[in-house]
Amino acid sequence: PEVIDEATERAAYQVNQALIAIRNGGLWGVGLNQSMQKHYYLPEAHTDFIFAIGAEELGLFFSAGTLLLFVIFFCLSVYIAHKATDRFGRFLVMGMSFIIFFQAMFNIGVVCKALPTKGMALPFFSYGGTNMVTSFVAVGFIFSVGLRALKEKDTKRSLGRKAFAN
């Protein structure tokens, strides 16, 4: 006989309920605040398993849209890192974008039962102060590096125009 501890049983219960929520959502979803799993079966649905509730209420388009938004965020961050004027800016942007992107992919993998349950929140979606604050700080750093690269590009462009004007 296999011995299953309470924590493993609880994690399996949550993942199974998340899969039921995703299946119930179908293509279009059941409608906002109409989730059966959120109200009755999936404990703490607003934290680690918010993706499943979104998939149930808003359907496949929410799921695909969320994945697409994180991929676009990652691609734009890599572009900003490429345009950064110094090595520190490149490393900072790459690090921040990897943290957010892989945390999101890990959370979605857990919800879809592709990865083991670890308790990672979905950036920008899950309830919780610390995760939300750190995600926004990371985006602030990425924007800061991008704006600095843009300002330095404009400065170089205007210096070139002054040189040719004389």
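Computed values, structure above
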| item | result |
| --- | --- |
| Count of residues meeting criterion [under 17 Å from the mean Cα position of the chain (by Cα) and in a helix (DSSP H, G or I)] in region 24-57 | 6 |
| Of all residues making up region 1-51, the number that are open to solvent by 40 Å² or more (accessible area, probe 1.4 Å), among the polar types (S, T, N, Q) and over 19 Å from Pro116 (Cα atoms) | 3 |
| Residue list for region 16-48, filter: at pLDDT 90 or above and charged (D, E, K, R) | Arg23 |
| Conditions (1) touching an Asp or Glu at 6+ places or on another chain (Cβ under 9 Å); (2) modelled with pLDDT of 95 or more; number of the one not met by Leu68 | (1) |
| Test for Glu56: is it closer than 22 Å to Ala114 by Cβ and buried (at least 20 other Cβ atoms within 10 Å of the Cβ) | yes |
| In region 66-106, the residues that are open to solvent by 30 Å² or more (accessible area, probe 1.4 Å) and either touching a Gly at 6+ places or on another chain (Cβ under 6 Å) or of a type in the set (Ser, Thr, Tyr) (or both) | Tyr79, Ile80, Thr85 |
| Count - residues of region 87-130 that are of a type in the set (Ser, Thr, Tyr) and in a helix (DSSP H, G or I) | 2 |
| Long-range neighbours under 9 Å by Cβ, at least six apart or interchain, first residue on the phi > 0 side of the Ramachandran plot and open to solvent by less than 60 Å² (accessible area, probe 1.4 Å) within region 116-131, second in a loop (DSSP other than H, G, I, E, B) and acidic (Asp, Glu) | Gly119/Asp48 |
| Hits in region 99-115 (condition: farther than 19 Å from Ile20 by Cα and without any contact (Cβ under 8 Å) to a residue 12 or more places away in the chain) | Phe102 |
| Qualifying position, being of a type in the set (Gly, Ala, Ser), assigned to a helix (DSSP H, G or I), open to solvent by 50 Å² or more (accessible area, probe 1.4 Å) and modelled with pLDDT of 95 or more, among Ser144, Ser63 | Ser144 |
| Unmet criterion (only one of (1) in contact (Cβ under 8 Å) with a residue 40 or more places away in the chain; (2) over 24 Å from Tyr127 (Cβ atoms)) for Thr47 | (2) |
| Some residue of region 34-43 being small (Gly, Ala, Ser), touching a residue at least 24 places away in the same chain (Cβ under 8 Å) and out of contact with any Pro (no Cβ under 9 Å at 6 or more places or on another chain) | no |
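The values are calculated or read from the model by the stated rules, or taken from the named source; none is laboratory data. Owing to the predicted nature of the structure, the values given are computational and were not obtained by experimental measurement. All Cβ positions, glycine included, derive from the backbone under ideal geometry; neighbour counts span all protein chains shown. Side chains are part of the model used for accessible areas, which takes the heavy atoms of the whole protein and leaves out ligands, DNA and RNA. Shrake-Rupley method; radii C 1.70, N 1.55, O 1.52, S 1.80 Å.
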